[in-house]
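**Student:** My questions will all concern the structure given below.
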Amino acid sequence: MRVFVTGASGFVGTAVVRELIGAGHEVLGLARSDSSAAALRTTGAEVHRGDLDDLDSLRRGAESADGVIHTAFKHDFSDIAASGVIDLHAIEAMGSVLEGTEKPFVTTSAFLVEPGIFATEEDAAHPDSVAPFRVPSEQATLALADHGVRATVVRLPPSVHGPDDGGFIPKLIDIAREKGASAMIAEGTNHWPAVHRDDAARLYRLALEKATAGTRLHAIDDEGVPLHAIATAIGQGLDVPVVRVTAAEAPAHFGWIAHFASLDLRASSTLTQQRLGWKPEHPNLLADLAEGHYFGEGRRSML
């Protein structure tokens, strides 16, 4: 299958490209820059120049492929609502040329469920979720199932981990290194789901190959890692003390990610595993942290 992949040079997207090529698929990867294009070519992928703001380039890429995997997202936390709008327009543009073809279209979402529940794939996107700016994109994707597109959504957890991770875990490590202490809020009994990026990449491939139209899929290995366990692992990795901060002290310690450090999210992938035969095989989050690659000098979050 010839597959158009957005975000093909990103943290998740590079793993998806490797997974697809390893399974015998051809990849047409979206690249915005010369460096991204060069990196893609080394994987054996074909390059399609453009970006999420260039809707015509997205339509051309989708139209020329047998299926689409959309992993790109502009993480501009200074105006995250605008990032959500860009994502929605990208999905609408690619979806418009896929209508009536029955081609697979796999998009990426966050955990958009009602806070405080143990989430399953059956839980619809909720306006009070932790990422409401992504709700319209998930809804637009699933609506395409009624228009002749085998559209599915992969929900990624707060921590998609592994070598070269630039997300929330490296950000917590950066803060702990700067403050000289690894912190949790109160007792750290809140949770984050997590998955290794190579396991997530395999799920994207399986979704492309055989997922049923209109389904949500959960890329979940750890159903909920307590934040006190994450803080302890970071403290051990950096050899700094582990401390508790109050909710009132959290913004001063964590900065803009204080909200994320307070989230209590738990989720299951039982239905995903049953439907697609997917089973996580790579190290879970705490085992990945124990391997030590997160703590090398010069390693920093991209957030």
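Every number in this text was worked out from the coordinates using simple rules, so none of it is lab data. Note that the structure is a prediction, hence the values are computed from the model and not measured. Using ideal geometry, Cβ is built from the backbone for each residue, glycine included, and neighbour counts are taken over all protein chains shown.
**Student:** What's the Kirkwood radius of segment 45-203 in Å, using all Cα pairs? Before the final figure, lay out each step's value.
**Tutor:** Numbers: mean 1/r = 0.0576 Å⁻¹.
Taking the inverse mean of 1/r over all distinct Cα pairs, segment 45-203 comes out at 17.4 Å.
**Student:** Once both axes come from the Cα atoms, what is the angle between helix 11-22 and the longest principal axis of the chain, in degrees from 0 to 90, rounded to 10?
**Tutor:** 50
**Student:** Right, next: When the chain is modelled as a GNM with alpha-carbon springs shorter than 10 Å, which of 76, 51, 174 fluctuates the most?
**Tutor:** So, out of 76, 51, 174, the one fluctuating most is 76.
**Student:** Suppose every K and R has +1 on its Cβ and every D and E has -1 on its Cβ; what is the size of the dipole of the chain about the Cα centre, in Debye to the nearest 20? Spell out each step's value before the answer.
**Tutor:** Details: 26 positive and 41 negative charges, 76 e Å.
The dipole of the chain has a size of about 360 debye.
**Student:** Rounded to the nearest 0.05, what FRET efficiency do residue 49 and residue 286 have when you use their Cβ-Cβ distance and R0 = 41 Å? Don't skip to the answer; put the middle values down first.
**Tutor:** Details: r = 40 Å, r/R0 = 0.98.
Here the calculated transfer efficiency is 0.55.
**Student:** Based on alpha-carbon atoms only, what is the radius of gyration of the chain relative to the globular estimate 2.2 N^0.38 Å?
**Tutor:** 0.98
**Student:** Round to the nearest 10 and give me the degree value, 0 to 90, for the angle of helix 34-43's Cα axis relative to the longest principal axis of the chain.
**Tutor:** 80
**Student:** If you don't mind, another one. Quick one: among 81, 31, 45, which has the greatest mean-square fluctuation in a GNM of the chain with alpha-carbon springs under 10 angstrom?
**Tutor:** 81
**Student:** If you don't mind, there's one more thing I want to ask. Hey, if you put +1 on the Cβ of every Lys and Arg and -1 on every Asp and Glu Cβ in segment 167-235, which of 190, 230, 218 ends up farthest toward the positive end of that dipole?
**Tutor:** Farthest towards the positive pole: 218.
**Student:** Take 196, 191, 282, 147 and order them by how many other Cβ atoms sit within 10 Å, fewest up front.
**Tutor:** Numbers: 196 26, 191 22, 282 17, 147 14.
Fewest-to-most ranking of 196, 191, 282, 147: 147, 282, 191, 196.
**Student:** Let me ask another. Quick check on the exposure proxy: order 105, 73, 260 from fewest to most C-beta atoms within 10 angstrom. Kindly include the intermediate steps, with their values, before the conclusion.
**Tutor:** Working: 105 28, 73 24, 260 17.
Placing the least packed residue first, the sequence is 260, 73, 105.
**Student:** Excluding same-chain pairs closer than 8 in sequence, count the lysine pairs in the chain whose Cα atoms lie under 18 Å apart.
**Tutor:** Values: 74/171; 103/210; 171/179; 210/279.
So the count works out to 4.
**Student:** How much of the DSSP beta bridge set in the chain is antiparallel, as a percent to the nearest 5?
**Tutor:** Working: 3 of 37 bridges.
Restricted to the chain, the bridges split so that about 10 percent are antiparallel.
**Student:** Between residue 82 and residue 143, what FRET efficiency follows from the Cβ-Cβ distance if R0 is 22 Å, with the result rounded to 0.05?
**Tutor:** 0.50
**Student:** Per residue of segment 239-254, what does 6.51 cos²θ - 1.76 cosθ + 1.60 with θ = phi - 60° give for ³J(HN,Hα)? Whole Hz please, x for Gly and Pro, Karplus curve as stated.
**Tutor:** 6, 10, x, 9, 10, 9, 10, 7, 4, 5, 7, 4, x, 5, 7, 8
**Student:** Rounded to the nearest 10 degrees, what's the angle between the helix 227-238 long axis and the longest principal axis of the chain, both from Cα atoms, 0 to 90?
**Tutor:** Between the helix axis and the principal axis of the chain, the angle is about 80 degrees.
**Student:** Would you mind classifying segment 65-155 by shape? Square roots of the alpha carbon gyration tensor eigenvalues, ordered a ≥ b ≥ c; an a/c under 1.5 is rounded, otherwise it is prolate if a/b is larger than b/c and oblate if not. Could the numbers behind the result be given before it?
**Tutor:** Values: a/c = 2.33, a/b = 1.38, b/c = 1.68.
In terms of gyration-tensor shape, oblate.
**Student:** Fewest to most neighbouring Cβ within 10 Å: what's the order for 301, 109? Let's see the in-between values first.
**Tutor:** Details: 301 16, 109 24.
Final ranking by Cβ density, sparse to dense: 301, 109.
**Student:** Using the alpha carbons of segment 213-303, what is the convex hull volume per residue in cubic angstrom, as a whole number?
**Tutor:** On the way: hull volume 13.1 nm³, N = 91.
Residue-normalised Cα hull volume stands at 144 Å³.
**Student:** Going by a ≥ b ≥ c, the root eigenvalues of the Cα gyration tensor, does segment 152-303 fall in the rounded group (a/c under 1.5), the prolate group (a/b larger than b/c) or the oblate group? The partial results should precede the final answer.
**Tutor:** Values: a/c = 2.41, a/b = 1.84, b/c = 1.31.
It is prolate, given that a/c is not under 1.5 and a/b is the larger ratio.
**Student:** Who wins for biggest fluctuation among 28, 55, 203 in a Gaussian network model of the chain, springs between alpha carbons below 10 Å?
**Tutor:** 55
**Student:** Treat every Asp and Glu Cβ in segment 181-303 as -1 and every Lys and Arg Cβ as +1, leave all other atoms uncharged, and give the resulting dipole magnitude about the Cα centre to the nearest 20 debye. Walk me through the numbers on the way to the answer.
**Tutor:** On the way: 11 positive and 14 negative charges, 101 e Å.
With only Lys, Arg, Asp and Glu charged at Cβ, the dipole is about 480 debye.
**Student:** What is the Å³ per residue value for the convex hull set by the Cα atoms of segment 229-276?
**Tutor:** Numbers: hull volume 5.9 nm³, N = 48.
About 123 Å³ per residue, rounded to a whole number.
**Student:** Another question, then. Suppose each label sits 7 Å from its Cα in the direction of the beta carbon; what would the residue 300-residue 240 distance come out to in nanometres?
**Tutor:** 1.5
**Student:** Let me ask you something else. Can you run phi through the Karplus equation (6.51, -1.76, 1.60; θ = phi - 60°) for segment 81-86 and list ³J(HN,Hα) in whole Hz, with x for Gly and Pro?
**Tutor:** Each residue's phi maps through the Karplus curve to give 5, 5, 4, x, 5, 4 Hz.
**Student:** While we're on this one: Which value in deg cm²/dmol, rounded to the nearest 500, describes the helix-derived mean residue ellipticity at 222 nm for the chain, given -39,500 (n - 2.57) per DSSP H run of n ≥ 4 and division by the residue count? Let's see the in-between values first.
**Tutor:** Numbers: 12 runs with 119 residues, N = 303.
The helix-only estimate for the chain comes to -11500 deg cm²/dmol at 222 nm.
**Student:** How high is the FRET efficiency between residue 273 and residue 26 when r is their beta carbon distance and R₀ equals 35 Å, given to the nearest 0.05? List each step's numbers first, then the result.
**Tutor:** Numbers: r = 28 Å, r/R0 = 0.79.
Efficiency, rounded to the nearest 0.05: 0.80.
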